[in-house]
Amino acid sequence: MDGPQRVPFDELPWVDDAPGIRARETEVGGARWATVEYAQGVGRQEWCEEGHRGYVLLGEIEYEFDDGGASLRAKQGEAFLLPPASLGGGAHRGRNLASGPTRLFLIDDRRP
């Protein structure tokens, strides 16, 4: 078990994650912790099967699902949960709905 830990995101470098999407990330307790920023109007092209716990710091995000289920929207000040596809959550991909950047705090599930 890890002891107490501070995560200074503002000291971590931005890394390009996909066109128009960047992240500051580190590993904490075996999981990826990240602040992720989507530029205005940007959405992911690829589907993600990992699970995520998230909080919208700025803007608004919409997740669509590969099974055609209802999309999930979360705006600034709201949290969300995306179960992993292996547990019935379906693959998902996000897109920014805000008139400016959208920034998220994410903790990603990592399963062996």
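Bear in mind that the values in this text are calculations on the coordinates, not laboratory data. Here the structure is a predicted model, which is why all the values come from computation and not from measurement.
Values computed for the structure shown
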| read-out | value |
| --- | --- |
| Whole-Hz couplings from phi, Karplus 6.51/-1.76/1.60, listed for region 27-32; x for Gly and Pro | 9, 9, x, x, 10, 7 |
| Value of Rg/Rh across the chain [Cα atoms, Kirkwood radius] | 0.96 |
